[in-house]
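K.L.:
Just dropping this structure here.
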Amino acid sequence: MDIYTKLLRLRSLYYKLKTIIWYKFFLKNCGSNNRIIRPLLLTPQCVIFKNNILVRDNCRLEGVFSYAGVNYEPLITLNDNISIEQNLHLTCANKITIGANTAIAANVTITDINHPYADISLPPEKQVLQVNEVIIGESCKVYNNAVILPGTVLGKHNIVGANSVVSGVFPDYCVIAGTPARIIKLYNWGTGKWEKVGVKGDK
């Protein structure tokens, strides 16, 4: 084993031990074999970690407890075997759940918060939040720079393309892409293949 591989293994062990010794005492709940690597912001009292979770550098896992005079009870749940790459931006005032065996690539945003702008006498940042639960199903893959908006429900084994802006409810076994995101492929159980979904205007 070369020195670089040894250093990587030592680094992984260090963050695993730090999660057990330090973060486990502050998280709402923490299972086993988890690693949190240098988070940018973490509000542990509203975060549930199950088992075998990796959260890489500069992630923001933030629960919002009070805003514009309104109190909230945020809950962020990460189920088993989740991997999250660097720079996740996750903000929650209601409820965000990420299903088991899901992988989230770099620079992804997930939020259940919307800043309304109906009242033109107040800046959007000073108006009461609109919140709507977000659910990301089991075995999903969310690619780089995707944005998951409030009220989104991803089914099992959904694939979200890079740079997509996702809002709405999506069935199991589909590929989603675009701004705004739409279903571009569905798994056909009859043929055993992923098949393209046509929309008006496609050729």
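Read-outs: derived from the displayed coordinates by stated rules, not from any lab. None of the values given here were measured: they were computed from a predicted structure. Because the Cβ atoms are built from the backbone with ideal geometry, glycine has one as well, and the counts that use them run over all protein chains shown.
K.L.:
Between GLN130 and LEU17, what length comes free when the chain is fully extended (0.36 nm per residue of separation minus the Cα-Cα distance, one decimal in nm)?
P.N.:
Result for the pair: 36.9 nm of gain on full extension.
K.L.:
What would the Debye formula give as log10 I(q)/I(0) at q = 0.21 Å⁻¹ for the alpha-carbon point model of region 113-203, no solvent?
P.N.:
Normalising to I(0) and taking log10 leaves -1.00.
K.L.:
Further question: Can you list the residues, at least 5 places off or on another chain, whose amide H is less than 5 Å from the amide H of ASP172, using H built in the peptide plane?
P.N.:
Counting only residues 5 or more places away or on other chains, the set is LYS156.
K.L.:
Another question, if that's okay. Only sites in a loop by DSSP and with at most 11 other Cβ atoms within 10 Å count here; which chymotrypsin sites (Phe, Trp or Tyr not before Pro) in region 128-203 make the cut?
P.N.:
TRP189
K.L.:
P(r) for the chain: what percent of alpha-carbon pairs falls in each 5 Å bin, starting at zero?
P.N.:
2, 7, 13, 18, 17, 14, 11, 8, 5, 3, 1, 0, 0
K.L.:
List the lysines whose Cα lies under 20 Å from the Cα of LYS196, skipping any in the same chain that are fewer than 8 positions away.
P.N.:
LYS141, LYS156, LYS185
K.L.:
What is the sum of charges around PHE49, taking Lys and Arg as +1, Asp and Glu as -1, for the other residues whose C-beta is under 11 Å from the C-beta of PHE49?
P.N.:
+3
K.L.:
Continuing with the same structure: Among ALA106, ALA118, ALA146, which one moves the most in a GNM of the chain with springs linking Cα atoms closer than 10 Å?
P.N.:
ALA118
K.L.:
Which value in deg cm²/dmol, rounded to the nearest 500, describes the helix-derived mean residue ellipticity at 222 nm for the chain, given -39,500 (n - 2.57) per DSSP H run of n ≥ 4 and division by the residue count?
P.N.:
Using -39500 (n - 2.57) per qualifying helix, the result is -3000 deg cm²/dmol.
K.L.:
Among ASP80, ASP2, what is the fewest-to-most ranking by other Cβ atoms within 10 Å?
P.N.:
ASP2, ASP80
K.L.:
Classify region 66-115 as rounded, prolate or oblate from the Cα gyration tensor: take a ≥ b ≥ c as the square roots of its eigenvalues, call it rounded if a/c is under 1.5, otherwise prolate when a/b beats b/c and oblate if not.
P.N.:
Oblate shape, in that a/c is at least 1.5 and b/c is the bigger or equal ratio.
K.L.:
Could you tell me how far the Cα centroid of region 131-203 sits from the Cα centroid of region 93-115, in Å?
P.N.:
After rounding, the separation between the Cα centres reads 14 Å.
K.L.:
Can I ask one more? Test of understanding: express the Cα radius of gyration of region 49-135 as a ratio to 2.2 N^0.38 Å, with N the residue count.
P.N.:
That works out to 1.20 for region 49-135.
K.L.:
Same structure, new question: Among 40-46, 86-92, 67-73, how do they line up from the highest to the lowest mean number of other beta-carbon atoms within 10 Å?
P.N.:
Peptide ranking by packing, descending: 86-92, 40-46, 67-73.
K.L.:
Using θ = phi - 60° and the Karplus relation 6.51 cos²θ - 1.76 cosθ + 1.60, list the HN-Hα couplings for region 24-30 in order, rounded to whole Hz, with x at every Gly or Pro.
P.N.:
With coefficients 6.51, -1.76 and 1.60, one gets 4, 6, 10, 5, 4, 7, 9 Hz.
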